[in-house]
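Participant: One structure coming up, written as structure tokens, with questions to follow.
The values are calculated or read from the model by the stated rules, or taken from the named source; none is laboratory data. What you are looking at is a predicted structure, and each value in this text was computed from that prediction instead of being measured. Glycine also receives a Cβ, built like all others from the backbone with ideal geometry; neighbour counts cover every protein chain displayed. Each accessible area value is taken on the protein alone, full model and side chains, heavy atoms only, with ligands, DNA and RNA left out. Shrake-Rupley method; radii C 1.70, N 1.55, O 1.52, S 1.80 Å.
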Amino acid sequence: MLMLRWYGIGAGDEVIIPAYTYSATALCAMNIGAKVIMVDVREDFNIDVNKIKAAITARTKAILPVDIGGWMCDYDAILELVNESDIISLFNPANERQEKLGRILVLSDAAHSIGAVYKGKPNGQQADATVFSLHSVKNVTTGEGGAIALNLPAPFDNQIEYQFLKAFALNGQTKSAFEKNQPGAWRYDIIDQGLKINMPDICAAIGLAQIRKYHSELLPDRKRIFEQYNNAFSQYDWAQLPPYYNECKVSSCHLYMLRIQGITESQRDELILEIAKQEVGVNVHYIPMAMLTLFKNKGYDIKDYPITYHNYAREITLPVYNGLTEAQVEYVIQSVVNAYHAVIPVRQEVS
Ligand SMILES: *Cc1c(COP(=O)(O)O)cnc(C)c1O
């Protein structure tokens, strides 16, 4: 919301998001009065860049790609698209910042992907701005909160925009309570109609301690769990493994999103019940927004997002968290295999 407000987006504007994400991606745009345009995803769960182009209109002001599960989107392709001359000539700048950028803002929802790597560079250096979540279930947490990495192209000065955003997140006030308390420093200004979404110092202290051990302990631990799942499930032709790494990307291993080949949504639900009987807690990421009441009432229809539905209907998210032991991961794997044999009838050999 902070970054969309920074770009002066509001009523009458359109923001493009993937149909497959947590609702917060949509709500940040809806809560400032913008219209959410959903586009379908690809087999790797992420927004389909080819389908973004068809969704762009003269009202489009931002694209919010989401790095689902920690797997980064194709940022080079998305940035190439927003810089195409026909897309730029469609863009209607409505304020100074929009004139300065001169094109659609690429604002990454990186709630899952802190520490992911894209073409050898850490996440945060691809989109114009990258928004990380530090919510309690995410790879790095401050309890509640988030962080923004600015990567705006020239002529923007990211340091100046940072100073502005710092005030903008604190009611638009130029000094924090601590800064105002320095001798003689009582006078402040309110420079814009800001929000009150600053990170409390207590939360920041927790986050700093987490960040210090993220690369040495927390992230390698998640990778170990991912690899153990991958090694086990790669032996089963019914298991479709989540994207993890390729020549261009390395995942931050946020969610282990297993998909089961050739099953229906109700068989997936039965599998989850069987797994639960073995006292393993699994989850589904995500129920597509177009299947939730708010969005259905606004006219979004899951039939318009077939790959989103196909990914969702076969998906089961397995536990990944720091401290999960090798033996526990093995137990989870066995519970999934047991559930599969209990629920899915043996397929007939075709002679
Ligand atoms: C968690 C999450 C968010 C919201 O993060 P908060 O820190 O709770 O605001 C946004 N997008 C996605 C995809 C998420 O998973």
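Participant: Scan the range 213-245 residue by residue and report those that are of a type in the set (A, V, I, L, M, F, W, C) and in a helix (DSSP H, G or I). Outline the logic, then answer.
Facilitator: In the first step, residues of the range 213-245 are kept if they are of a type in the set (A, V, I, L, M, F, W, C); the result is 218-219, 225-226, 232-233, 238-239, 241.
Leu218, Leu219, Ile225, Phe226, Ala232, Phe233 - these are the residues of the range 213-245 that are of a type in the set (A, V, I, L, M, F, W, C) and in a helix (DSSP H, G or I).
Participant: Give the residue, chosen from Ser252, Ser266, that is among the polar types (S, T, N, Q) and either farther than 25 Å from Thr141 by Cβ or open to solvent by 20 Å² or more (accessible area, probe 1.4 Å) (or both).
Facilitator: Of the residues listed, the single one that is among the polar types (S, T, N, Q) and either farther than 25 Å from Thr141 by Cβ or open to solvent by 20 Å² or more (accessible area, probe 1.4 Å) (or both) is Ser266.
Participant: Which residues, counting only those in the range 11-33, are open to solvent by 10 Å² or more (accessible area, probe 1.4 Å) and over 30 Å from Gln240 (Cα atoms)?
Facilitator: Of everything in the range 11-33, those that are open to solvent by 10 Å² or more (accessible area, probe 1.4 Å) and over 30 Å from Gln240 (Cα atoms) turn out to be Ala11, Gly12, Asp13, Glu14, Leu27, Cys28, Met30, Asn31, Ile32, Gly33.
Participant: Output the number of residues of the range 62-85 satisfying the condition of being open to solvent by less than 10 Å² (accessible area, probe 1.4 Å) and aromatic (Phe, Trp, Tyr).
Facilitator: Residues meeting the conditions: 1.
Participant: Which of the residues spanning the range 102-150 are over 18 Å from Gly8 (Cα atoms), open to solvent by 30 Å² or more (accessible area, probe 1.4 Å) and away from the ligand (no atom under 16 Å from the Cβ)?
Facilitator: Val117, Lys119, Gly120, Lys121, Pro122, Gln125
Participant: Among the residues of the range 225-247, are any under 23 Å from Gly146 (Cβ atoms), outside the structural domain of Gly146 (by TED's automatic domain parsing) and open to solvent by 20 Å² or more (accessible area, probe 1.4 Å)?
Facilitator: Quick first cut of the range 225-247, residues under 23 Å from Gly146 (Cβ atoms) only: none.
No, the conditions are met nowhere in the range 225-247.
Participant: Next question. Quick one: Asn322 ticks every box in (1) crowded, with 17+ Cβ neighbours inside 10 Å; (2) in contact (Cβ under 8 Å) with a residue 60 or more places away in the chain except a single one, so which number is it?
Facilitator: The single condition Asn322 does not satisfy is (1).
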